[in-house]
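Input: a single structure, listed below in structure tokens.
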Amino acid sequence: MGSSLTCTGVVWALLSLLCAAASCIGFFMPYWLLGSQMGKPVAFGTFRRCSYPVRDEVRGGTTMVEQCGRYASFQGIPSLEWRICTVVTGTGCGLLLLVALTALMGCCISELISRTIGRVAGGIQFVGGLLIGSGCALYPLGWDSEEVRQTCNNSSNQFELGSCEIGWAFYCAGAGAATAMLVCTWMACFAGKKQKQYPY
């Protein structure tokens, strides 16, 4: 059982796993946008939210529930832009994860990744990173939704944060995507060993 990767390929496999992990963690965690509502901290992701208001039937007012969860349905996501962002970013994360796992298998299985397969994998990583980057670029278009405006003191708009701030998960997803696009794509070109030519 030998490796089908060069030394550069092994580094590429490990870096691909780190990029995919950073992007997936950033995508899943609901800390893309941070603000406060009714004196409680509120955080938004593309499809998840932490702390949300509910009507208190007993007291006749509104209280904040301090827990994280995803929206009840895809249509429950506050804006069309965030729905598109969820699909695009999730697809990009899936592609990065697929390439990372294939690259890791290439560390253990001989003749799995040739130079050509490495270049194709690099192309897939580039597309995955581009999709995640597109999702990050689309995300601010949803800042004018009613839920976000309530959290940001009614001063947010598209590409205007108001009193909110960008959270660490947004940067984590973006950094994973940028590294995959710029570094992993380049390293993938040199990842696979040249295939042996068998005379017949």
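General remarks:
- Selection from the stretch 24-50 of residues that are among the polar types (S, T, N, Q) and within 27 Å of residue 91 (Cα to Cα): 46
- Cβ pairs under 8 Å, 6+ apart, first in the stretch 59-80 and under 28 Å from residue 138 (Cβ atoms) and at pLDDT 90 or above, second part of a loop (DSSP other than H, G, I, E, B) and of a type in the set (Gly, Ala, Ser): 78/145; 79/145
- Qualifying residue in the stretch 102-119 (condition: in contact (Cβ under 8 Å) with a residue 24 or more places away in the chain, surrounded by fewer than 20 Cβ atoms within 10 Å (Cβ to Cβ) and under 13 Å from the mean Cα position of the chain (by Cα)): no
- Of the residues making up the stretch 123-133, not a single one is in a strand (DSSP E or B) and out of contact with any helix residue (DSSP H, G or I) (no Cβ under 6 Å at 6 or more places or on another chain).
- Residue match in the stretch 60-81 (condition: surrounded by 18 or more Cβ atoms within 10 Å (Cβ to Cβ) and of a type in the set (Lys, Arg)): no
- With respect to the conditions (1) part of a strand (DSSP E or B); (2) out of contact with any Phe, Trp or Tyr (no Cβ under 9 Å at 6 or more places or on another chain), residue 14 lacks only one, and its number is (1).
- Under the condition of being at positive phi and either in contact with a helix residue (DSSP H, G or I) (Cβ under 7 Å, 6 or more places away or on another chain) or not in a strand (DSSP E or B) (or both), the residues counted in the stretch 17-55 number 2.
- The residues listed here are 99, 88; of these, the one that is free of Cβ contacts under 8 Å to residues at least 60 places away in the same chain and assigned to a helix (DSSP H, G or I) is 88.
- Residue 185 within 14 Å of residue 18 (Cβ to Cβ) and either crowded, with 16+ Cβ neighbours inside 10 Å or modelled with pLDDT under 90 (or both): no
- Selection of the stretch 140-172 for residues being more than 21 Å from the chain's Cα centre (by Cα), small (Gly, Ala, Ser) and surrounded by 18 or more Cβ atoms within 10 Å (Cβ to Cβ) yields 145, 156.
- The single condition from (1) assigned to a loop (DSSP other than H, G, I, E, B); (2) more than 20 Å from residue 96 (Cβ to Cβ); (3) touching a strand residue (DSSP E or B) at 6+ places or on another chain (Cβ under 9 Å) that residue 58 fails is (3).
The values are calculated or read from the model by the stated rules, or taken from the named source; none is laboratory data. Please read all numbers here as calculations on a predicted model, not as lab measurements. When we count neighbours, we look across all protein chains shown, and the Cβ atoms used for this are built from the backbone with ideal geometry, even at glycine.
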